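One structure is given here, and the rest of the page talks about it.
The values are calculated or read from the model by the stated rules, or taken from the named source; none is laboratory data. Keep in mind that this is a model prediction, so the values were computed, not measured. Note: ideal-geometry Cβ built from the backbone for every residue, glycine included; neighbour counts use all protein chains shown.
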């Protein structure tokens, strides 16, 4: 099993669009970024809750279980593309081993609804150092959705 790609979790977005759940991706108190290792097998079509991936969570010194709250979350639109962004993540004095991907989820939904996974394409570790995630700057977004036909 392995993390092989980044993506959005289908069931969460289906439920948002069908008004079954009310995920607020602009909230700075409910949207978290956790880390998982490469033993996880994310299934974008069927996984919908943090419990589906949390068995492979990476935690360590100064990186709490459940991850860190994302800040400066915001939507924007550029040439028919919906963009969702957040402030870059930076946690000092961490000791972590083999972090392969970031998982973003909403803690305000029962069971913690999965939003997206960002594959780092390699394992990253720190020993009493800063663990940082710099989201894309071109376009400036954690994820994008093409809205053009």
Can you tell me which residues in segment 102-115 are surrounded by 21 or more Cβ atoms within 10 Å (Cβ to Cβ), touching a helix residue (DSSP H, G or I) at 6+ places or on another chain (Cβ under 7 Å) and in a loop (DSSP other than H, G, I, E, B)? 112
Residues 83, 147, 96, 53: which one is in contact with a strand residue (DSSP E or B) (Cβ under 7 Å, 6 or more places away or on another chain) and within 18 Å of residue 23 (Cα to Cα)? 83
Condition met for residue 34 (in contact with a strand residue (DSSP E or B) (Cβ under 8 Å, 6 or more places away or on another chain) and in a strand (DSSP E or B)): yes
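Here is a list: 40, 99. Which entry is surrounded by 17 or more Cβ atoms within 10 Å (Cβ to Cβ) and in contact with a helix residue (DSSP H, G or I) (Cβ under 8 Å, 6 or more places away or on another chain)?
Result of the check over 40, 99: 40.
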Conditions: (1) surrounded by fewer than 19 Cβ atoms within 10 Å (Cβ to Cβ); (2) farther than 27 Å from residue 148 by Cβ; (3) without any contact (Cβ under 8 Å) to a residue 40 or more places away in the chain. Residue 45 meets all but one. Number of the miss? (2)
Give 99, 87 a once-over and let me know the one that is modelled with pLDDT of 95 or more, on the phi < 0 side of the Ramachandran plot and either under 12 Å from the mean Cα position of the chain (by Cα) or not in a strand (DSSP E or B) (or both). 87
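Does at least one position in segment 9-29 carry a residue that is touching a helix residue (DSSP H, G or I) at 6+ places or on another chain (Cβ under 6 Å), under 29 Å from residue 147 (Cβ atoms) and assigned to a loop (DSSP other than H, G, I, E, B)? Steps first, please.
Within segment 9-29, the subset touching a helix residue (DSSP H, G or I) at 6+ places or on another chain (Cβ under 6 Å) is 21, 23.
Those still in the list that are under 29 Å from residue 147 (Cβ atoms) too: 21, 23.
Then keep just the ones that are assigned to a loop (DSSP other than H, G, I, E, B); that gives 21, 23.
Scanning segment 9-29 turns up at least one residue that is touching a helix residue (DSSP H, G or I) at 6+ places or on another chain (Cβ under 6 Å), under 29 Å from residue 147 (Cβ atoms) and assigned to a loop (DSSP other than H, G, I, E, B).
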Odd one out for residue 118, checked against (1) in a strand (DSSP E or B); (2) over 13 Å from the mean Cα position of the chain (by Cα): (2)
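Taking the options 125, 138, 78, 54, name whichever one is over 21 Å from residue 28 (Cβ atoms), surrounded by 14 or more Cβ atoms within 10 Å (Cβ to Cβ) and over 17 Å from the mean Cα position of the chain (by Cα).
125 is the lone residue from the list that is over 21 Å from residue 28 (Cβ atoms), surrounded by 14 or more Cβ atoms within 10 Å (Cβ to Cβ) and over 17 Å from the mean Cα position of the chain (by Cα).
Which count do you get for residues in segment 1-15 that are without any contact (Cβ under 8 Å) to a residue 12 or more places away in the chain, in contact with a strand residue (DSSP E or B) (Cβ under 9 Å, 6 or more places away or on another chain) and over 17 Å from residue 103 (Cβ atoms)?
0
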Against the conditions (1) on the phi < 0 side of the Ramachandran plot; (2) surrounded by 14 or more Cβ atoms within 10 Å (Cβ to Cβ); (3) out of contact with any helix residue (DSSP H, G or I) (no Cβ under 9 Å at 6 or more places or on another chain), where does residue 71 fall short? Just the number, please. (2)
